[in-house]
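As structure tokens, the structure follows; a few thoughts come after it.
The values are calculated or read from the model by the stated rules, or taken from the named source; none is laboratory data. From a predicted model like this one, the values you see are computed outputs, not experimental measurements. Note: ideal-geometry Cβ built from the backbone for every residue, glycine included; neighbour counts use all protein chains shown.
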Amino acid sequence: MAGTGPAPKDPSRRARRNKEAQPQTILRFERAEAPELPDFRIEKDGDLVEFIWPERTREWWQMWIDSPQAEHFGSTDWDFLLDTALIHARFWCGDLSVAAELRLRVAKHGATMEDRARLRMAFAEADGADGGQGSSGAEAAKERYAKLRVIKPGKEGEASGG
């Protein structure tokens, strides 16, 4: 008798087969330098006028350039972020209708702690900053519980010779 329990499900009928639908494509990474916010003209009342970037958008752009994520941005990432800067500028000029699109776009680059967690990003310094003792700086659990011994059932108060 082989074993107890139901027979294994036919592999072709399993809901989860852990098989990728498409094979992964491995790309060669080429880091790209951040472009400057461009000078350009926009049409206003039938005339072409120079677009002025809001100061807040200039600060926001510099924040992205200085961010740890930036060292992993390629040319397409910067291009996408440049379009996002235009949305950011519209937002800071009072067009609140672009807020949702702005939030979605910056999330793709890891703007918040939640975004970075979802994208599986972690700061390298965080791993070694506390000397491996956890965020509180207290001794590790292995050290805290090293002197504990198992008490065998029997007479009360007797410890095993562990």
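For the residues ALA7, ALA89, the requirement of being in contact with a Ser or Thr (Cβ under 6 Å, 6 or more places away or on another chain) and either farther than 22 Å from MET113 by Cβ or of a type in the set (Asp, Glu) (or both) singles out ALA89. Summed over the range 81-117, residues that are touching a Gly at 6+ places or on another chain (Cβ under 8 Å) and at pLDDT 95 or above total 0.
Let's see how each residue does on (1) closer than 12 Å to LEU37 by Cβ; (2) crowded, with 16+ Cβ neighbours inside 10 Å:
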site: TRP60; (1), (2): yes, yes
site: PHE73; (1), (2): no, yes
site: TRP78; (1), (2): yes, yes
site: LYS108; (1), (2): no, no
site: MET113; (1), (2): no, no
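All of (1) assigned to a loop (DSSP other than H, G, I, E, B); (2) over 25 Å from the mean Cα position of the chain (by Cα) hold for LEU48 with one exception: (1). Within the range 33-74, no residue satisfies the criterion of being within 23 Å of ARG116 (Cα to Cα) and touching a strand residue (DSSP E or B) at 6+ places or on another chain (Cβ under 7 Å).
Within the range 1-45, the residues that satisfy the criterion of being under 25 Å from the mean Cα position of the chain (by Cα) and at pLDDT below 85 are ASN18, LYS19, GLU20, ALA21, GLN22, PRO23, GLN24.
Residues that are in contact (Cβ under 8 Å) with a residue 12 or more places away in the chain, surrounded by 11 or more Cβ atoms within 10 Å (Cβ to Cβ) and not basic (Lys, Arg) do occur in the range 12-33. Restricting to the range 80-106, and then to whatever is small (Gly, Ala, Ser) and surrounded by 13 or more Cβ atoms within 10 Å (Cβ to Cβ), can you tell me which residue is farthest from PRO38 (Cα to Cα)? The residue in question is ALA89.
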